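What follows draws every value from the coordinates through simple rules; no lab data is involved. The shown structure was predicted, so the numbers you read here are calculated from the model rather than taken from an experiment. Glycine also receives a Cβ, built like all others from the backbone with ideal geometry; neighbour counts cover every protein chain displayed.
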Amino acid sequence: MGKRQHSQGEWRLLSWWLATFHGGAEIWMQERLGPTQPSTPAPLADRFDLNAARLRNRWADAVYLENNRLALVEAKLNPDPGIFSTLLHYARKLRTDPFFSRYDALPLDLIALVMRDDASVAEEAPFYGVRWVVWQPDWATLEQSRPSGNSATGAPLELPSDFAARISLLQNSG
């Protein structure tokens, strides 16, 4: 049950953030991404079979369209470095999704929405082309919003010289 409560907190954080800052956007929440992968080699008979096969696809917390830009959002109460690989994976899925193909020419923004900051994770966001957003809504209690105490230490990260170019291929498919 603990995992479900955590997911509900992330859902609430995301919903409030979208309503507060992107109320005019076209928003898809819990959106399944990627081309449908049939579980059998037989062609899918009808729309029901197609939708049932789509249940196997992964889903993003939110995708929104605003000001001729697509944004892919992953929300976490506690930041985790896995948020970057999740966003990149979902960006690849979104760029191959037939529904979102009509937006291929639009830039794609990757957004990590977190309620508590962690500088040791946040410092990696620019390397992945991710916008790091820390937001604590009014309903967050003092306990929920207390800093974790983690801080960035050590030398800057060393990444391959062409790392940013690899990421940009996902974000600008047009």
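Which value, in debye to the nearest 20, describes the size of the charge dipole of the range 87-141 about its Cα centre when Lys and Arg Cβ atoms bear +1, Asp and Glu Cβ atoms bear -1, and nothing else is charged?
Numbers: 6 positive and 8 negative charges, 65 e Å.
My answer is approximately 320 debye.
May I ask you to work out the translational diffusion coefficient for the range 59-122 at 4 °C, viscosity 1.567 mPa s, via Stokes-Einstein with Rh from the Kirkwood sum over Cα pairs, reported in whole µm²/s?
105 µm²/s
Would you tally the net charge around PHE100, using a Cβ to Cβ cut-off of less than 10 Å, leaving PHE100 out, and scoring K and R as +1, D and E as -1? Display every interim value, and only then the final one.
Values: positive: LYS93, ARG95, ARG102; negative: GLU31, ASP97, ASP104.
Net of charged neighbours comes to 0.
What is the list of residues in the range 58-72 whose amide nitrogen lies under 18 Å from a point 7 angstrom out from the Cα of ALA105, following Cα to Cβ?
It comes to 65-71, nothing else.
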